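Take a look at the structure below.
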Amino acid sequence: DFDDVNQPAGDGSIYYIDDISLDVPESELPQLPIDFQSETIDYSISGFGAEDFGPIPAQIIDNPDASGANTSTKVLEIEKLAAAQTFAGAAIPLAGAIDWSAGTTMAVKVWSPRAGTPIRLKIEDSSSPPDGNGNPTVFAEVEVASTVASQWEVLSFDMTNPTAGSFDPGISFDTVILFPDFGNRGQGESFYFDDI
């Protein structure tokens, strides 16, 4: 109950109030290295390139094969659906530009169902002008083939020798994109990634 008897009298002042909201802490985006273990980071992973050009499943799951080169509990699964586009994959926005002071080769733990599968890693400057498809025009891509089937391995991507685009450590690359079985239509397979 509001007891107006015990409240001080107004003084004729006018008060303005705006932007009332619930104070919820903002989720933070990841920064390299990414291990998918955090409960507070908003990984904002978006899969793309289904047969109808819509999204493909890309999510953090429990490690389905915690052995060998990767015994961590959480990993990124990218499900390249049957007939998915040759460029199907998943993008991970970063909290800021990649820091290249420790080197220019990116390592990624990869689990592929087949040996010899092309795995492409792309980095983008999200603030660069978009191309005709809405993708940033400043990027670098490196492709490496998996060497084993159905087990974890560490693949190295030397960004100074790009397959496509161009690399300069002074560019503000702030998005990482993974393309499993790049250049081939989807066969309904799952690929797993960790420790980027």
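The values are calculated or read from the model by the stated rules, or taken from the named source; none is laboratory data. Since the structure is predicted, the reported quantities are computational estimates derived from the model, not experimental observations. All Cβ positions, even for glycine, are placed from backbone atoms using ideal geometry, and neighbour counts span all protein chains on display. The accessibility values were calculated without ligands, DNA or RNA, using every heavy atom of the protein model including side chains. Shrake-Rupley method; radii C 1.70, N 1.55, O 1.52, S 1.80 Å.
Could you order peptides 111-119, 74-82, 29-37, 99-107 by the average number of other Cβ atoms within 10 Å of their residues, highest first?
Final packing ranking: 74-82, 111-119, 29-37, 99-107.
What list of ³J(HN,Hα) values in whole Hz, one per residue of region 70-85 in order, does the Karplus curve 6.51 cos²θ - 1.76 cosθ + 1.60 (θ = phi - 60°) give from phi, with Gly and Pro shown as x?
8, 10, 5, 8, 10, 9, 8, 9, 10, 9, 7, 4, 4, 6, 4, 4
Of PHE157, ILE196, LEU32, which is farthest on the positive side of the dipole of the chain, counting Cα position, with +1 on Lys and Arg Cβ, -1 on Asp and Glu Cβ, and the Cα centre as origin?
The Cα lying farthest towards the positive end belongs to PHE157.
Dipole size in debye (nearest 20) for the chain around its Cα centre, Lys and Arg Cβ +1, Asp and Glu Cβ -1?
In total the dipole reaches around 1380 debye.
Taking the solvent-accessible surface of protein heavy atoms with a 1.4 Å probe, what is the per residue accessible area of the chain in Å²?
Dividing the accessible area of the chain by its residue count gives 55 Å².
Hey, in the GNM for the chain with a 10 angstrom Cα cutoff, which one of PRO93, PRO180, PRO169 fluctuates hardest?
PRO169
For region 170-196, list residues with backbone N below 17 Å from a point placed 7 Å from the Cα of THR105 toward its Cβ?
Only 196 fall inside the zone, counting backbone N under 17 Å.
Give the lysines reachable from LYS122 as a straight Cα distance under 18 Å; neighbours fewer than 8 places away on the same chain don't count.
Of all the lysines, those that pass the test against LYS122 - Cα under 18 Å, at least 8 places apart if same chain - are LYS80, LYS109.
Mind checking the dipole of region 75-164: about its Cα centre, +1 per Lys or Arg Cβ, -1 per Asp or Glu Cβ, Debye to the nearest 20?
Roughly 260 debye, rounded to the nearest 20.
Putting +1 on Lys and Arg Cβ atoms and -1 on Asp and Glu Cβ atoms, find which of THR104, SER146, ALA84 reaches farthest to the positive end of the dipole of the chain.
The residue sitting most towards the positive pole is SER146.
What share of Cα pairs, in percent, lie more than 18 angstrom apart in region 59-161?
58
Probe radius 1.4 Å, ligands and nucleic acids ignored: give me the carbon and sulfur share of the accessible area of the chain as a rounded percent.
Carbon-and-sulfur percentage of accessible area, whole number: 49.
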